[in-house]
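Engineer: Submitted below is the structure of interest, expressed as structure tokens.
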Amino acid sequence: MTSDFSLFNQPGPGDAVPQHGEENGIRREVAVLALGEIPGVGHSTAVKLYDEKNFGSLFTANCDEVHWIAGNAHVASPHTFTETFMAHRERALESAASDLDRYEGSGVDIILDTDPRYPQRLLALSDRPRWLFVKGNVDALNSERLITVVGTRKPTQSGLDLAARVTTMLVKHGFVTVSGLAEGVDGEVHRRTIEHKGQTVAVLGTGIFNEFPATTAHMRGPIVHNGGAIITEYFPKEQYSKQRFVQRNRIQAALSNVTIPVEAAVPSGTFHTIRFALEYGRIVLGVKWKGTEDLPLHLFLRERGQPVVEVSPEDDPFLEALGRSYDYWHFLQDSEQARRKAQIDRAVRFAHSVIKSERLSDFEVDLMVRRIRENQSE
């Protein structure tokens, strides 16, 4: 008797399994970089091609195969793409291999989402960055003590002071800050972290060598020197655009368990980060000076069940609220794990009922149950 396991999404014999390393003699990192060298291939097109299961064959495929891969990846105008790609492929590969050597020599790593060093909190996101360019301490991206602190580029003096106070408390208690290396609140977060010898992660909305904005570029060296990191998903030559900065906000929100918006207009770029954080099931912890009235930002958070805490010269209220936020986040994760375990148990019980009726072999039984558990736990 043959058994149909298609219900459990087992890979077919033609399905490619993404992996870290070389494919067809070409490092995947080189292949990714080479995409950025092809005229007309932007970030979204590169991601579509990377996600296609035959991406590893793209740079060794013939013209018809490239056209098929492009069509399967839903690239706009596969015919035009194929012509351009085939005309520039060899040069792009040579340039990418040279660039990778140069980047690694300057301390910049390319971390693919198949790399064990890739930030674990990002892996569960359907819109995760498929790769990250990282300068500095890659291990910082998986720290259990990451806290995102963001805010407006044009803060009031009170907002700047609040950002400084919050950051100082976080660093004092061993947290690793995450922000966007923009002017205003972001810059203050990085500056205060550096000042207190803490670790900080800067998430860019441009290529890693693009020093935008110039007013915060001087902090890059100290960030790396202190054990922090500078990261971006964009190719090194990519420039500023509003949409790229919106998309970078999702990385800021997802990297940590708790996001702290210090000061922000409604709407604003900071609100993109807040919305991403809420969408990803993170805690958003509002802060304000003790004795001050709620601002629209705080009302927005309270309406969504998020905590708002007053900050004063004493650390206790803020740190207690932060601790409760962490406890609540872990409670949510534990609840999610319990729900998934219940799903697995139900699936296993169903499988056993099928097994009993189908009279499968012991080997088939073990294989089916293992695949249920693997697929349900992903």
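Engineer: Considering segment 25-38 alone, what residues qualify as being part of a loop (DSSP other than H, G, I, E, B) and either closer than 20 Å to Leu132 by Cβ or modelled with pLDDT under 95 (or both)? It would help to see each step written out before you state the result.
Structural biologist: In the first step, residues of segment 25-38 are kept if they are part of a loop (DSSP other than H, G, I, E, B); the result is 25, 36-38.
Selection gives Gly25, Gly36, Glu37.
Engineer: So, one more: Of all residues being of a type in the set (D, E, K, R) and surrounded by 12 or more Cβ atoms within 10 Å (Cβ to Cβ) in segment 284-313, which is farthest from Arg324 (Cα to Cα)? Just the residue, please.
Structural biologist: Going through the qualifying residues, I end up with Asp294.
Engineer: Same structure, new question: Is it true that Lys135 is at positive phi and either in the same structural domain as Val32 (by TED's automatic domain parsing) or modelled with pLDDT of 95 or more (or both)? Before the answer, list the steps.
Structural biologist: Details: at positive phi: no; either in the same structural domain as Val32 (by TED's automatic domain parsing) or modelled with pLDDT of 95 or more (or both): yes.
Spelling it out, it is not the case that Lys135 is at positive phi and either in the same structural domain as Val32 (by TED's automatic domain parsing) or modelled with pLDDT of 95 or more (or both).
Engineer: Can you say whether Leu295 is in contact with an Asp or Glu (Cβ under 9 Å, 6 or more places away or on another chain), within 29 Å of Gln157 (Cβ to Cβ) and either of a type outside the set (Lys, Arg) or at pLDDT 80 or above (or both), as far as the supplied structure shows?
Structural biologist: Details: in contact with an Asp or Glu (Cβ under 9 Å, 6 or more places away or on another chain): yes; within 29 Å of Gln157 (Cβ to Cβ): yes; either of a type outside the set (Lys, Arg) or at pLDDT 80 or above (or both): yes.
For Leu295, the condition - in contact with an Asp or Glu (Cβ under 9 Å, 6 or more places away or on another chain), within 29 Å of Gln157 (Cβ to Cβ) and either of a type outside the set (Lys, Arg) or at pLDDT 80 or above (or both) - is met.
Engineer: Have a look at Leu112, Leu170, Leu125, Leu146 and point out the one that is touching a residue at least 24 places away in the same chain (Cβ under 8 Å), outside the structural domain of Arg282 (by TED's automatic domain parsing) and not acidic (Asp, Glu).
Structural biologist: Leu112
Engineer: Restricting to segment 163-206, give me the number of residues that are in contact with a Lys or Arg (Cβ under 6 Å, 6 or more places away or on another chain), assigned to a helix (DSSP H, G or I) and among the aliphatic types (A, V, I, L, M).
Structural biologist: Qualifying residue count for the region: 1.
Engineer: Do the conditions hold for Gly184, that is, is it within 24 Å of Pro317 (Cα to Cα), out of contact with any strand residue (DSSP E or B) (no Cβ under 8 Å at 6 or more places or on another chain), assigned by TED's automatic domain parsing to the domain that holds Leu255 and surrounded by 17 or more Cβ atoms within 10 Å (Cβ to Cβ)? Give the steps one after another, and end with the answer.
Structural biologist: Values: within 24 Å of Pro317 (Cα to Cα): no; out of contact with any strand residue (DSSP E or B) (no Cβ under 8 Å at 6 or more places or on another chain): yes; assigned by TED's automatic domain parsing to the domain that holds Leu255: yes; surrounded by 17 or more Cβ atoms within 10 Å (Cβ to Cβ): yes.
Considered against the rule, which asks whether it is within 24 Å of Pro317 (Cα to Cα), out of contact with any strand residue (DSSP E or B) (no Cβ under 8 Å at 6 or more places or on another chain), assigned by TED's automatic domain parsing to the domain that holds Leu255 and surrounded by 17 or more Cβ atoms within 10 Å (Cβ to Cβ), Gly184 comes out as no.
Results for (1) in contact with an Asp or Glu (Cβ under 7 Å, 6 or more places away or on another chain); (2) within 30 Å of Ser98 (Cβ to Cβ); (3) outside any loop (DSSP other than H, G, I, E, B); (4) outside the structural domain of Leu181 (by TED's automatic domain parsing), shown as yes or no for each residue.
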residue	(1), (2), (3), (4)
Gly227	no, yes, no, no
Pro236	no, yes, no, no
Gln239	no, yes, no, no
Phe245	no, yes, yes, no
Val266	no, no, no, no
Arg275	no, no, yes, no
Leu278	no, no, yes, no
Val287	no, no, yes, no
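The values are calculated or read from the model by the stated rules, or taken from the named source; none is laboratory data. All figures in this text were calculated on a predicted structure; none of them were measured in a lab. A quick note on method: Cβ atoms are made from the backbone with ideal geometry, for glycine too, and the neighbour counts reach across all protein chains shown.
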